[in-house]
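The structure appears below as structure tokens.
What follows is calculated from the coordinates using simple rules that are stated; it is not laboratory data. Nothing here was measured: the structure is a model prediction, and the numbers come from that model. All Cβ positions, glycine included, derive from the backbone under ideal geometry; neighbour counts span all protein chains shown.
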Amino acid sequence: MPVDEVKVFCGNSVPDLTKEICDFLGVPLGDATVSGFSDGEIFVGLNENVRGADVFLVNSTAPPVSHNLMELLILIDAARRASARRITAVIPYYGYARQDKKDRPRVPVTAKLVANLITAAGANRVLALDLHAGQIQAFFDIPVDHLFAAPVLVEYFKKRGIDNLSVVAPDAGGVTRARAFAKRLDADLVIIDKRRPSPNEAEIMNVVGDVRGRHALIVDDMVDTGGTLIRAAQALLDHGATVVSASCTHPVLSGSAMEKIDSSPLEELVACNTIPIDSKTMSKKIKVLSVAKLLGEAIRRIHNEDSVSSLFV
């Protein structure tokens, strides 16, 4: 890959992941200053020429969500004003994705607002991973390549070689994802019926499927406060599961989630590095897998105008 044609820059949310992506591509990490003024304003400076270059800007809109979103928007604006040939926003974790519909009066569709902001800032393309809702792709009026972390996660569980495995969808919205896992792991599919009376709260209603004497694997796109995951794990054990594990792409892990997981009946939680986890506070039950090769291969194909569809799962 010609070094003078591809430029990869990052904000402050996922620097380690971006460095892994650059190592996979064989290109240096772009030299950029992403800092702030004393009043909290963000300053961005690209310290190398990007005129006519294919520029990829990597930043998860992870906590602090709004700050990291602004970093991404300002990076895009800086690249556009520096005459980059094409700008691709690489967003390993797309924040505000849970606000994707107007489900009651006088509420915003913030996922659409964020899409408008990214487009207005000057992005020509978006590369995203495991969007919370697939319809978010349609919120953009520019091309979106939507990847899934399933190949990385499935490969891990295949190597573990778990017997009597049942893959569990934590809610009706996660059935498609869980079914794909179950098919690739040659496992049974189980569905948890839950209701969400308010954000970050869930009530487990029923377990649809038999988990007696089986290893239950809960598959979700993200874990935020951890409360829903822990209640689901306990419900599965109450229904006869012998072991409960979980996997997610995005370890948001806000509030006391780490402590909840540590003291939970979960055997392990396998997550991806779309959001950094502080190694000093990380639970011993959490294992982190890298999606750098997956994102790096997508970037290589986008740059070379090759098909990205074979990476979709």
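Taking the Cβ of each residue in E267, E297 as the centre, tally the other Cβ atoms inside 10 Å and list the residues starting with the fewest.
With the sparsest Cβ surroundings first, the list reads E267, E297.
Once Rg and the Kirkwood radius are both taken over the C-alpha atoms of segment 1-92, their ratio Rg/Rh works out to 0.95.
What list do you get for H132, H67 if you sort them by fewest beta carbons within 10 Å?
Working: H132 20, H67 16.
In increasing order of surrounding Cβ atoms, one gets H67, H132.
Here segment 136-275 yields Rg over Rh of 0.96, to two decimals, using C-alpha coordinates and the Kirkwood radius. A cut-off of 5 Å between modelled amide H atoms, ignoring neighbours fewer than 5 places along the same chain, links I218 with V168, S245, A246, S247. Rg and Dmax over the alpha-carbon atoms of segment 253-313 stand at 16.1, 48 Å. Evaluated at 10 °C with a viscosity of 1.306 mPa s, what Stokes-Einstein diffusion coefficient in µm²/s does segment 110-173 have when Rh comes from the Kirkwood expression over alpha-carbon pairs? Reported coefficient: 111 µm²/s. May I ask for log10 I(q)/I(0) of segment 54-147 at q = 0.12, 0.23, 0.24 Å⁻¹, from a Debye sum over the Cα atoms as equal point scatterers with solvent left out? Rounded to two decimals, the profile gives -0.34, -1.18, -1.28. Normalised by the number of residues in segment 121-248, the average gap of Cα pairs under 8 Å and 6 or more apart makes the relative contact order 21 percent. Each principal axis of the Cα atoms in the chain has its own extent, and those three values, largest first, are 61, 44, 38 angstrom. Farthest toward the positive end of the dipole of the chain, out of V144, L46, Y93, is the Cα of V144, where the dipole comes from beta carbon charges about the Cα centre. In plain terms, the residue of D188, D103, D54 with the fewest other Cβ atoms within 10 Å comes first and the most crowded comes last, giving D103, D188, D54.
Here the extension length gained between K280 and D103 equals 59.8 nm, from 0.36 nm per residue of separation less the Cα-Cα distance.
Ellipsoid semi-axes for segment 65-218, based on the Cα gyration tensor and the rule √(5λ), read 35, 21, 11 Å when sorted largest first. Sequence-distant contacts, meaning Cα pairs under 8 Å at least 6 residues apart, place the relative contact order of the chain at 14 percent. The HN-Hα couplings worked out from phi for segment 266-272 by the Karplus form 6.51 cos²θ - 1.76 cosθ + 1.60 (θ = phi - 60°) are 4, 6, 7, 10, 9, 10, 9 Hz, whole numbers, x standing for Gly and Pro.
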